[in-house]
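Enquirer: A single structure is presented below for examination.
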Amino acid sequence: MTGKKSLVLGVFLIAILLTAAFIGGCGDAAEDRLVLATGGTGGVYYPLGGAMASIWSEEVDGVEASSESTGASVENVNLVDALESELALVQNDITYYAYNGTEMFEDEEQMEGLRGIASLYPEEIQIIADADADVETVEDLEGKRVGVGDSGSGTEANARQILEMHDITYDDIEEDYLDFDEAADNIRDGHADAAFVTGGVPTGSVTDLATTTDIDIVGIEQDKIDDITDEWEYYAETTIPADSYSGQEEDVQSVAVMAMMIAHESLDEDAVYEMTKALFENTDALEDSHDRGGEVELDDALEGMPIELHPGAERYFEEEGIN
Ligand code: GLU
């Protein structure tokens with residue numbers, strides 16, 4: 001080989017090495033581009049998730065986070081399990097079923113890569129009915145056109161379970177898979193009699209609906225609440241206070257689950273530590289995005305936690321003395 005040729009070859013090799021190093025560098029940067037799966041735009045997860053992604057992007061070095069609208073809890077555990085989203089907002093009951101392969105996940109592999117970050121706030125099961133639809137009890141839903149939640153939502157799982165406890169199946173109703181905005185639109189337009197909404201009160205879509213249409217919030221009878229909380233441990237008895245929505249004159253008895261944040265186990269421990277810390281140090285911004293964001297508190301961060309914590313979150317809570 002002549003000196004000239006070996007010089008050309010040398011330059012060529014260096015160029016390849018530099019390119020490889022550059023691509024490798026980009027790969028590292030891409031690893032910190034994180035996606036948080038939320039829910040429909042008319043819910044609470046969506047505005048809250050947007051605020052969380054902003055906090056992380058602004059406060060955590062090397063993290064660039066964005067939030068995305070999804071069908072909510074059931075879709076979200078699947079997204080995180082498949083690492084299509086690194087993080088998600090999810091109901092704690094759904095997280096438990098997914099991790100253990102029970103209920104709606106019975107025929108699937110256990111999603112053992114899911115890890116808990118924090119419990120956030122209770123989500124009430126709200127049964128909304130058109131005031132003209134003659135729905136005063138859950139039993140009255142029989143024969144009605146009912147929005148049961150988006151396909152892939154936790155709401156839909158809750159609708160099924162609560163109906164089941166009242167001996168009602170989808171064979172006894174006309175079920176429509178609707179997200180909260182669609183359900184509100186359909187009730188407003190007379191295309192649905194009622195709808196299930198599992199979301200923090202006040203839920204945006206219901207607030208908007210109540211300003212234009214007379215609605216009832218349908219309560220669950222005490223004996224059924226007892227049956228539901230006995231059968232599925234992540235339900236808790238709750239009250240939807242009067243005046244949560246325009247025209248709602250009385251307290252309504254229902255059940256609630258907890259909203260929580262999950263991540264995939266493969267997320268870097270230090271990054272998750274910093275992200276958990278940033279969330280609890282910026283709860284003001286969460287409250288600005290939705291009232292229920294104001295309930296995100298360190299003291300309650302492990303309440304109803306159904307699965308193992310991510311080590312990064314665990315380290316932060318240990319440091320803060322939260323067990
Ligand atoms: N908990 C709801 C679900 O998973 C979503 C609530 C929300 O979007 O705020 O179906």
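We did not get these values from a lab; they are worked out from the coordinates using the rules stated. Please read all numbers here as calculations on a predicted model, not as lab measurements. Positions of Cβ are backbone-derived with ideal geometry, glycine not excepted, and every protein chain shown enters the neighbour counts.
Enquirer: Any chance you could run the full-extension gain for E281 through R188? It's 0.36 nm times the residue separation minus the Cα-Cα distance, nm to one decimal.
Expert: 29.5 nm
Enquirer: Which residue, Y235, Y121, Y273, has the most motion in a Gaussian network model of the chain that connects Cα atoms within less than 10 Å?
Expert: Per the Cα network of the chain with a 10 Å cutoff, Y273 tops the list.
Enquirer: A further question follows. Taking the Cα atoms only, what angle lies between the long axis of helix 3-31 and the longest principal axis of the chain, rounded to 10 degrees?
Expert: The angle comes out at about 20 degrees.
Enquirer: Another question about this same structure. Once you have the Cα-Cα distance between S57 and D288, take 0.36 nm times their residue separation minus that, and quote the gain in nm to one decimal.
Expert: Full extension from S57 to D288 adds 81.4 nm.
Enquirer: Now a separate question. Take every DSSP beta bridge whose two residues both sit in the chain, then give the antiparallel share in percent to the nearest 5.
Expert: Percent antiparallel among DSSP bridges in the chain is about 70.
Enquirer: Next question. Report the residues of the stretch 187-215 in range of a label on E174: point 7 Å along Cα→C-beta, backbone N strictly under 13 Å from it.
Expert: 187, 190-194
Enquirer: Could you compute the net charge surrounding Y96? Neighbours are other residues with a C-beta less than 12 Å from the C-beta of Y96; K and R count +1, D and E count -1.
Expert: -4
Enquirer: Next up: Round to the nearest 0.05 the FRET efficiency obtained for A236 and E112 when R0 = 25 Å and r is the Cβ-Cβ distance.
Expert: 0.45
Enquirer: Follow-up. For the stretch 212-323, report the convex hull volume of the alpha-carbon atoms normalised per residue, in Å³, without decimals.
Expert: In the stretch 212-323, the Cα hull volume divided by residue count equals 145 Å³.
Enquirer: Extent of the chain along each principal axis, from alpha carbon coordinates, in Å, largest to smallest?
Expert: 93, 43, 38
Enquirer: Hey, another quick one. Could you work out the helix-only [θ] at 222 nm for the chain, with each DSSP H run of four or more residues adding -39,500 (n - 2.57) and the total divided by the number of residues, to the nearest 500 deg cm²/dmol?
Expert: After summing the helix terms and dividing by the residues of the chain, the value is -12500 deg cm²/dmol.
Enquirer: Which residues in the stretch 180-201 place their backbone N less than 15 Å from a point set 7 Å from the Cα of M104 along the Cα-to-Cβ direction?
Expert: Once the point is set 7 Å along Cα→Cβ of M104, 180, 196-199 turn out to lie under 15 Å by backbone N, inside the stretch 180-201.
Enquirer: Treat each spin label as a single point 7 Å out from the Cα along the C-beta direction, and report the D214 to E297 distance in nm.
Expert: Here the modelled spin labels are 3.9 nm apart.
Enquirer: Then there's this: Could you give me the ³J(HN,Hα) list for the stretch 107-122, computed from phi with Karplus coefficients 6.51, -1.76, 1.60 and θ = phi - 60°, whole Hz, x at Gly and Pro?
Expert: Result, rounded to whole Hz: 8, 10, 5, 4, 8, 7, x, 7, 10, x, 10, 6, 7, 10, 6, x.
Enquirer: Report, to the nearest 10°, how far helix 154-165 tilts away from the longest principal axis of the Cα atoms in the chain, using its own Cα long axis and a range of 0 to 90°.
Expert: With rounding to tens, the tilt is 30 degrees.
Enquirer: Please list, ordered by chain and number, the residues whose modelled amide H lies under 5 Å from the amide H of V252; skip anything fewer than 5 residues away on the same chain.
Expert: The list, which skips near neighbours in sequence, is I240, A242.
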